[in-house]
Amino acid sequence: MKGNVHAEARAPLFLPNIAAPMASNSPTLMKHDRMQRQRFEQKYLITEDKALRMRDFVRSYLELDPAGAGRPEGSYAVHSIYLDSDRLDTYWWTINGDRTRFKLRLRFYDNRPEQPVFFEVKRRVDRVIFKRRAAMRKEHAAAILAGQPAAATWFARPDPRAPENLDYFLTLARRIEAHPKVHVGYFREAYVDPRNDAVRVTFDRRVGACVAPWLRFSTEMKHPVFPFGRLVICEIKFTNRFPNWFRDLVEAFDLMQSGAAKYCMGVAMIGEQRLGHRLTRFATEGIDPDTLLRLTEEDCPEAAGRAVA
């Protein structure tokens, strides 16, 4: 990771709705799980102006994801609590470019306790992305992470794969002794093929990240950093062949692939030294983790000149 964090990157970028509860029609997010369980993906960092022009192009081939229908800019909020070891293993695997790696996250979409949280594993093997997840009831999430066996009533929806997927998540979490570390939230404008889930294009805006040592399924983000500023993350996702019109899109808008790992960039801006064993101890002892955010450069010299890719 090279280059210094610019001072303006930590400035309070206006994020009016990321802390607001989702609208009452948010169950549309849950009616059909369009998650691509195995896929290829390419990421591009683009300006808002280019994103708007690309949107018009994409709409010639795909339809707005129903989850964004009727919402401002066709976007819905996505929130994830990322788990990692005190060594920040999953962070460093990504930074070091390990070809086989995984991330652990608890994904949710609104504040309402009756809506599920998804225990999700995102695993990369070379260029292929694999995702497995289990929809669980929010009130049981802490008990599950503490090692209590999940009762059948703890699952939020009928899914024959869910028990196995949950066990897979917990096995990986135990392997690296993972704990909650960072809350990442953003707005997603997504386009899908109504006939199948083979192709998906997303535009992610206003990506924020904050320290999260406890399970707190709230869309409010406390003292967030904004690792991508006002840039938009465009992701092109496909399960089989790279569609010809994807190639036309890349060429027409002169797109260049870029790393845009939300969790990793968030960690880099917050500071690795603030998210290790001390954060776990603070959570265990009930100490306000904001204490870590108030460290000065004199207290913690390595916090100065934090670098991001």
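Does the stretch 159-227 come out rounded, prolate or oblate, given a ≥ b ≥ c as the square roots of the eigenvalues of its C-alpha gyration tensor, rounded meaning a/c under 1.5 and, failing that, prolate meaning a/b above b/c? Don't skip to the answer; put the middle values down first.
On the way: a/c = 2.57, a/b = 1.06, b/c = 2.42.
Taking the square roots of the gyration eigenvalues as a ≥ b ≥ c, the stretch 159-227 is oblate.
Shown is the FRET efficiency for Arg59 and Arg230, computed with R0 = 22 Å from the Cβ-Cβ distance and rounded to the nearest 0.05: 0.45.
Each other residue within a Cβ distance under 9 Å of Lys103 adds +1 if Lys or Arg and -1 if Asp or Glu, for a net charge of +3. In this simple spin-label approximation, Lys222 and Asp167 carry label points 7 Å from Cα along the Cα→Cβ vector, and these lie 3.7 nm apart.
For the stretch 63-145, what class follows from the C-alpha gyration tensor (a ≥ b ≥ c being the square roots of its eigenvalues): rounded when a/c is under 1.5, otherwise prolate if a/b is larger than b/c, else oblate? Intermediate results must be reported in sequence, preceding the final value.
Working: a/c = 2.34, a/b = 1.36, b/c = 1.73.
Since a/c reaches 1.5 but b/c is at least a/b, the shape of the stretch 63-145 is classed as oblate.
Stretched out straight at 0.36 nm per residue, the stretch from Arg99 to Asp193 would grow longer than its current Cα-Cα span by 30.9 nm.
If you build the convex hull over the alpha carbons only and average its shadow over all orientations, what do you get for the stretch 144-185? Give it in nm² to one decimal.
On the way: hull surface 15.5 nm².
Approximately 3.9 nm², given one-decimal rounding.
Paramagnetic label reach from Glu73 (point 7 Å along Cα→Cβ; backbone nitrogen cut-off under 15 Å): within the stretch 174-206, residues 185-191, 202-206. Given a Förster distance of 30 angstrom, what is the FRET efficiency for Asp49 paired with Arg174, based on the Cβ-Cβ distance and rounded to 0.05? Step by step, r from the Cβ atoms, then E = 0.05. Annotation: lysines with alpha-carbon distance below 24 angstrom to Lys103 (same-chain offsets under eight excluded): Lys2, Lys43, Lys122, Lys131, Lys138, Lys181, Lys222, Lys237, Lys262.
Only the coordinates and a few stated rules stand behind these numbers; no lab work does. The shown structure was predicted, so the numbers you read here are calculated from the model rather than taken from an experiment. Note that we place each Cβ from the backbone using ideal geometry, even for glycine, and neighbour counts take in every protein chain shown.
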